[in-house]
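Since the structure comes first, as C-alpha cells, the remarks are kept for the end.
The values are calculated or read from the model by the stated rules, or taken from the named source; none is laboratory data. Since we're looking at a predicted model, the values are computed, not measured. FYI the Cβ positions are ideal-geometry reconstructions off the backbone, even for glycines, and counts take in every protein chain you see. Calculation scope for accessible area: heavy atoms of the full protein, side chains included, ligands and nucleic acids excluded. Shrake-Rupley method; radii C 1.70, N 1.55, O 1.52, S 1.80 Å.
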Amino acid sequence: MISVDNIQKSFGEKEILKGVDLTIQQGDVAVIIGPSGTGKTTLLRCMNGLEKADGGNIRIDNVSYDYKKSSRKQLLALRRKTAMVFQHYNLFKNKTALENVTEGLITVQKISKTDAVQTAKQQLKSVGLAGKEDSYPHQLSGGQQQRVGIARALALNPSVILFDEPTSSLDPELVGEVLSVMKQVARRGITMVVVTHEMSFAQTIANQVVFMEGGKIIERGSPRDIFTAPKQAATKRFLDCVYQPFVYQI
Ligand SMILES: Nc1ncnc2c1ncn2[C@@H]1O[C@H](COP(=O)(O)OP(=O)(O)OP(=O)(O)O)[C@@H](O)[C@H]1O
Ligand SMILES: [Mg+2]
C-alpha cells in the first residue's frame with residue numbers, strides 16, 4: 001500500500017503542493033488529472049524522492065519516509081520502492097535498448113551482468129520489443145522508446161511505477177501501443193500512479209481518479225464518479241475542456 005500524507009512543496013516563494021494526501025492499494029491504478037502547472041509532476045517527483053518535499057510523509061509498503069526528518073539511507077530505500085516512466089523517455093542515447101534496461105540493475109541494484117541481461121531481455125519481450133535489444137534510441141520510434149522506458153521500470157521490480165504523461169510526446173498513431181502495454185502492466189497487478197490526459201484510458205484501467213488543481217486534490221473517486229458525476233465545479237470545468245467522449249464519433 002502507498003500512503004502519501006500532507007506533502008507540501010514550494011519553489012522559492014511559490015507554493016506548489018499545498019498538503020496532498022493519497023492512498024493507493026496494492027495492485028491499484030490511480031490516475032491523476034488536472035490543468036497544467038498544478039503540481040502533478042512535482043507530486044510524482046516527491047513520491048520517488050527525486051524532489052525533496054518541504055514537509056509530509058510517504059509510506060510505501062514497509063518503507064516510511066518523513067521529508068523533514070529522514071536520512072539519506074531512508075531516501076535511497078524510498079527510491080528503490082519506485083520507478084518512473086517519463087514524458088520524454090529519458091533514455092541514455094549512447095546505450096542500446098538492452099543497456100538502458102540493465103544500467104539501473106547493475107549500478108543501483110548491484111545485480112550481476114548476466115542476471116541483469118536476462119531480466120532486461122524478459123522485460124523487453126514483455127513490452128513487445130524482442131529483437132530490438134541492440135537498437136539505439138534513435139533507431140526506435142517514440143512508442144518503442146517509451147516501451148523501453150516501461151521495460152526499464154518493470155525490470156527494477158518496484159512496488160509502484162509512476163508514469164508522468166507517458167504518451168504526451170508521441171505522435172497520435174503511436175499512443176495506442178504504449179497504452180496497450182500499460183494496460184498489460186495493470187493487469188499484471190502492478191501498482192501504478194499515472195498522470196495522463198488520456199481520459200478514456202483512465203476510464204478503462206483506473207481504480208481511482210484524482211483531480212488536482214492549484215497544488216491540491218480537489219476531488220477523487222471512481223472513474224464513473226469523476227467522469228459522469230463530478231461534484232466539484234472545478235472538476236466539471238476541467239472535464240468540459242479536455243474530455244469530449246463523443247468527439248470522434250462522427
Ligand atoms: N524545479 C523547479 N523550479 C521552480 N519551479 C518549478 C520547478 N518545477 C516545477 N516548478 C513550477 O511548479 C509548478 C508545477 O509544476 P509541475 O511540473 O509539477 O506541474 P504539472 O501539473 O505537472 O504541469 P503539466 O501538466 O504542464 O506537466 C509550475 O508552476 C512550475 O513552473
Ligand atoms: Mg507535468
### Task
State whether one or more residues within the range 194-210 are closer than 30 Å to residue 118 by Cβ and open to solvent by less than 20 Å² (accessible area, probe 1.4 Å).
yes
### Task
Mind telling me which of the residues 145, 122 ends up being open to solvent by less than 40 Å² (accessible area, probe 1.4 Å) and over 28 Å from residue 17 (Cα atoms)?
145
### Query
Could you count how many residues in the range 148-176 are away from ligand 2 (no atom under 16 Å from the Cβ), touching a strand residue (DSSP E or B) at 6+ places or on another chain (Cβ under 6 Å) and closer than 18 Å to residue 99 by Cβ?
3
### Query
residue 45: open to solvent by 60 Å² or more (accessible area, probe 1.4 Å), within 16 Å of ligand 1 (Cβ to nearest atom) and under 18 Å from the mean Cα position of the chain (by Cα), yes or no?
yes
## Note on the structure
The residue that is surrounded by the fewest Cβ atoms within 10 Å (Cβ to Cβ), considering only those in the range 148-188 that are free of Cβ contacts under 8 Å to residues at least 40 places away in the same chain and closer than 18 Å to residue 82 by Cβ, is 188
### Message
Looking at 74, 118, can you tell me which residue is closer than 26 Å to residue 182 by Cβ and out of contact with any Pro (no Cβ under 6 Å at 6 or more places or on another chain)?
### Response
118
#### Entry: Members of the range 118-132 found to be over 20 Å from the mean Cα position of the chain (by Cα) and either without any contact (Cβ under 8 Å) to a residue 12 or more places away in the chain or in a helix (DSSP H, G or I) (or both), listed by number
118, 119, 121, 122, 125, 130, 131
### Message
Go through the range 2-52 and report how many residues are polar (S, T, N, Q) and out of contact with any Ser or Thr (no Cβ under 6 Å at 6 or more places or on another chain).
### Response
8
### Query
Is the range 33-56 home to any residue that is within 16 Å of ligand 2 (Cβ to nearest atom), within 28 Å of residue 179 (Cβ to Cβ) and assigned to a strand (DSSP E or B)?
yes
### Selected residue (criterion: least open to solvent (accessible area, probe 1.4 Å)) from residues of the range 89-115 that are among the hydroxyl-bearing types (Ser, Thr, Tyr) and within 23 Å of residue 169 (Cα to Cα)
96
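Given the condition more than 19 Å from residue 163 (Cα to Cα), within 16 Å of ligand 1 (Cβ to nearest atom) and charged (D, E, K, R), answer yes or no: does some residue in the range 18-31 qualify?
Yes.
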### Query
Is the range 57-66 home to any residue that is surrounded by 22 or more Cβ atoms within 10 Å (Cβ to Cβ) and under 14 Å from residue 215 (Cα atoms)?
no
### Message
For the structure I just gave you, tell me whether residue 218 is within 26 Å of residue 141 (Cβ to Cβ) and surrounded by 14 or more Cβ atoms within 10 Å (Cβ to Cβ).
### Response
no
#### Entry: Enumeration of residues in the range 67-83 that are in contact with a Lys or Arg (Cβ under 8 Å, 6 or more places away or on another chain) and either under 21 Å from residue 122 (Cβ atoms) or open to solvent by 80 Å² or more (accessible area, probe 1.4 Å) (or both)
83
#### Entry: Residues of the range 33-49 that turn out to be of a type outside the set (Gly, Ala, Ser) and touching a Leu at 6+ places or on another chain (Cβ under 8 Å), as a count
6
### Message
For the range 137-250, give me every one of the strands (runs of 3 or more DSSP E) that falls completely inside it and has 2 or more residues that are in contact with a Lys or Arg (Cβ under 8 Å, 6 or more places away or on another chain).
### Response
160-164, 208-213, 216-221
## Note on the structure
When restricted to 89, 136, the only residue within 16 Å of ligand 2 (Cβ to nearest atom) and farther than 23 Å from residue 210 by Cα is 89
